[in-house]
1. For Met1, work out the one condition from (1) open to solvent by 80 Å² or more (accessible area, probe 1.4 Å); (2) modelled with pLDDT of 50 or more; (3) in a loop (DSSP other than H, G, I, E, B); (4) more than 30 Å from Val349 (Cα to Cα) it doesn't fulfil.
2. Do you know which residues across the range 172-191 are open to solvent by less than 60 Å² (accessible area, probe 1.4 Å) and either of a type in the set (Asp, Glu) or under 20 Å from the mean Cα position of the chain (by Cα) (or both)?
3. Name the residues in the range 298-314 that are within 10 Å of Trp230 (Cβ to Cβ) and of a type outside the set (Gly, Ala, Ser), would you?
4. Could you tell me which numbered condition Arg319 fails, if it satisfies all but one of (1) at pLDDT below 80; (2) within 27 Å of Leu291 (Cα to Cα); (3) open to solvent by 40 Å² or more (accessible area, probe 1.4 Å)?
5. Which pairs turn up if I take residues in the range 76-97 that are open to solvent by 70 Å² or more (accessible area, probe 1.4 Å) and look for partners that are among the β-branched types (Val, Ile, Thr) with beta carbon separation below 8 Å, at least 6 apart in sequence or on another chain?
6. Let me spell it out: the conditions are (1) at pLDDT 80 or above; (2) over 27 Å from Leu243 (Cα atoms), and Ala76 meets all of them except one. Which number is the exception?
7. Could you tell me whether Val250 is open to solvent by less than 40 Å² (accessible area, probe 1.4 Å), under 16 Å from Ser132 (Cα atoms) and β-branched (Val, Ile, Thr)?
8. Take the conditions touching a Cys at 6+ places or on another chain (Cβ under 7 Å) and modelled with pLDDT of 80 or more and apply them to Leu273. Does it pass?
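The values are calculated or read from the model by the stated rules, or taken from the named source; none is laboratory data. Treat the numbers as computed from the prediction; the structure is a model and nothing was measured. Here the Cβ is made from the backbone with ideal geometry for all residues, glycine too, and neighbour counts use every protein chain on show. Calculation scope for accessible area: heavy atoms of the full protein, side chains included, ligands and nucleic acids excluded. Shrake-Rupley method; radii C 1.70, N 1.55, O 1.52, S 1.80 Å.
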Amino acid sequence: MSRTEQLTAEAPDERAVDDTPVPAVAEVTDLEAARRLIPGWRPRIAGGRIGVRLPKRPLIVGLALLAALLAVSVTALGTGDFTVSGVDVVRALVGKGTPSTDYIVNTLRLPRLLVGIVVGSALGMSGAIFQSLARNPLGSPDIIGFETGAATGALLQILVFGGGAFAVAVSAVLGGLATALTVYLLAYKRGVQGYRLIIVGIAAGALLSSVNSYLMIKASLAEAQAAAVWLTGSLNGRGWDQLVPALIAVAVLFPACVLLGPHLRMMEAGDALAKALGVPVERSRLALIVLAVLLCATATAAAGPIAFVALAAPQLARRVTRSAGVALIPAALMGALLLTVSDFAAQRVLAPIQLPVGIMTAAIGGLYLMWLLIHEWRAGRR
């Protein structure tokens, strides 16, 4: 007999003594409901002592997104002023290409592609965490001001202190963290609710945008032009100097986010249920916010503020996985795919002119935001 059945069988005797409801039955029922929130395969090893939960459809979608990302990557590496076939691209990647293809693929094009993949995946996972915490598709770091805060930190370093690339990256991370801490404290009222977080974040983003505009006006023409290009968000000229620190940061932050993923999923069902299951809600929420801000700031430091990837990637991933909540790893893969495709289009649509990828994502993301707002409005009227 299961534990639930045992408690249900014991409940009439307890009610005979006291008419109050039996809390144990409700708690166990909630526990079983919460466990069903994370469906999927459950392979176990070491005699069942260690188990891993593999959600079926997100796993299949993730493999499909990874295959699409590889196909786009090979196409991007082989396309340009000097065309390289797909077979030669693969040979160059495994170290068996000719000197010319090695130089074109591995030296000229591969660093930019990898920066795009790392930045896109960081934005996708960051957006997934914020949208899950806010329980709102508009709860994206580029909508609620965290990306703007990172840009403010970088602009202060570029225009006021005149630091190098490493100092700009550190300032972007500090700017994003300071913005997140301010928004969190202003939105805190016996906990942080998604609606207050979005409203306070939008207000903070508007305020920081005015600060960025003021810094641009006070700068010299040359400095303002350089800062304007950075603010657009671009992968032009990005190489190993930007890739290595971003890759190290993402390699540290991604596992931490995945480990806190079950807490995030339970908090989507409500703070009360999450607390009943033993989740330290406020500590988990604060840790997830810090991790998501660091991911967003890392992406901003590497490529500038790129709009709408963090907004669109989690929602597209949620729709193709058909999951009730936001899946972190599919969102990261979707973000990498979106940014890689957008950068490929930015390089080829008006060739030989190369547009900043931020212009392409803003154009596509603006259309997506309009569709999302209309969809949410119609859903609210039903």
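1. That leaves (2) as the condition not met.
2. Hits for the range 172-191 are Ala172, Val173, Gly175, Gly176, Leu177, Ala178, Thr179, Ala180, Val183, Tyr184.
3. Thr300, Pro305
4. Every listed condition holds for Arg319 apart from (1).
5. That search, which allows pairs on different chains as well, returns Phe82/Ile104; Val90/Val74; Arg91/Thr101; Leu93/Val105.
6. For Ala76, the failing item is (2).
7. Answer is no for this residue.
8. The answer is no for Leu273.
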